[in-house]
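Report on the structure given below.
The values are calculated or read from the model by the stated rules, or taken from the named source; none is laboratory data. It should be emphasised that the depicted structure is a prediction, and the values quoted were computed from it without experimental measurement. Note that we place each Cβ from the backbone using ideal geometry, even for glycine, and neighbour counts take in every protein chain shown.
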Amino acid sequence: MGELAKLEEQLKRLGLQTMATTLEAEVDKAAKSQTSYSAFLQRLVEEELAAKTDRSINARIAKARFRMVRTLESFEFSGQPQLSVALVKELARLDFLERAENVVAVGPPGTGKSHLLIALGLKACEARKRVLYAYAPDFLEQLVAATVDGSLGRRLRDLQRLDYLIVDELGYLPMEARQAKLFFQVVNTRYERGSIGLTTNKPFDQWGEIFGDDVIAAAILDRLLHHSHILVTQGPSYRMKDKLPISSRTREGAKAIAEKSV
């Protein structure tokens, strides 16, 4: 085995896969350009670090369990002229995570609420934050199952360690009393400790209908909105805009939801 092949094997054994893969090409480049030993080594290390960063980010995205990957760059702000672009850009800096503030997106179905919160989650993954996406009905069922098998305490501790918990589509399906109480526990556990991102089609004055209890709804809202940013989306569904004409009644309903939520 030649010196180069032996070095490649040793780099692989050390877990430096990128350095091992690029070694031969970098040696040729260094020889042709008469690169110094230190500059040659620095180049190899930079490539390894870049590759490890990419792998780390990809692993965080996988752990976040997004149902889809969306970016802020692909969001159609022109379709939501009332939405504050400045606020969204401010949120994209992720300072709200450091302050354990929440982001609540309110509006009719298909108006970009999930897109916005998932895009912020992707930014958080890129910043090496701990993120988890949860579809609300499935999330509530998992919490109920955790009470049955005795793992609820561990589950709540795991959720508390997250930097950003996204709960998507709250209010689309009815909630049982025990689910409402469990959701309160999640919100209460993360209050001033970690950020929650939440999307809902219901204005805040209708949250009693979501939880089937005005008292527990008020307690959840009190903690959720104390330190929060509200994003209001309006208009017809992006998914339906090219399929069906939107009636004036639908437009009026969407406008009423937005106005009640501000």
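Within segment 142-157, the set of residues being part of a helix (DSSP H, G or I) and either surrounded by 13 or more Cβ atoms within 10 Å (Cβ to Cβ) or outside the structural domain of L173 (by TED's automatic domain parsing) (or both) comprises Q142, L143, V144, A146, T147, L152, R155, L156.
Tell me, which residue of segment 101-141 that is basic (K, R) and not in a loop (DSSP other than H, G, I, E, B) is nearest to R223 (Cα to Cα)? Reasoning before the result, please.
Let us first name the residues in segment 101-141 that are basic (K, R), namely 113, 123, 128-130.
Filter once more, so that each one left must be not in a loop (DSSP other than H, G, I, E, B): 113, 123.
Values: K113: 21, K123: 25 Å.
Only one residue tops the list, namely K113.
Of all residues in segment 82-97, those that are under 24 Å from L132 (Cα atoms) have Cβ atoms under 6 Å from Cβ atoms of residues that are of a type in the set (D, E) and crowded, with 19+ Cβ neighbours inside 10 Å, 6 or more apart or on another chain, in L97/D163.
Mind listing just one residue for me: the one in segment 51-81 that is basic (K, R) and not in a helix (DSSP H, G or I) and, of those, nearest to T18 (Cα to Cα)? Let's see the steps before the verdict.
Going residue by residue through segment 51-81, those that are basic (K, R) are 52, 55, 60, 63, 65, 67, 70.
Adding the requirement that they be not in a helix (DSSP H, G or I) leaves 65, 67, 70.
Numbers: R65: 27, R67: 30, R70: 28 Å.
In this case the residue turns out to be R65.
Pairs linking a residue in segment 205-222 that is within 12 Å of L170 (Cβ to Cβ) and assigned by TED's automatic domain parsing to the domain that holds Y191 to a residue that is of a type in the set (G, A, S) and buried (at least 16 other Cβ atoms within 10 Å of the Cβ), with Cβ atoms under 7 Å and 6 or more positions apart or on different chains, are W207/A217; I210/G171; I210/A217; F211/A180; F211/A217; A217/G208. Annotation: of all residues in segment 66-86 being within 15 Å of the chain's Cα centre (by Cα) and of a type in the set (A, V, I, L, M), the one that is surrounded by the fewest Cβ atoms within 10 Å (Cβ to Cβ) is M68.
Screening T22 against (1) within 23 Å of the chain's Cα centre (by Cα); (2) among the hydroxyl-bearing types (S, T, Y); (3) farther than 30 Å from D158 by Cα leaves a single unmet condition, (1).
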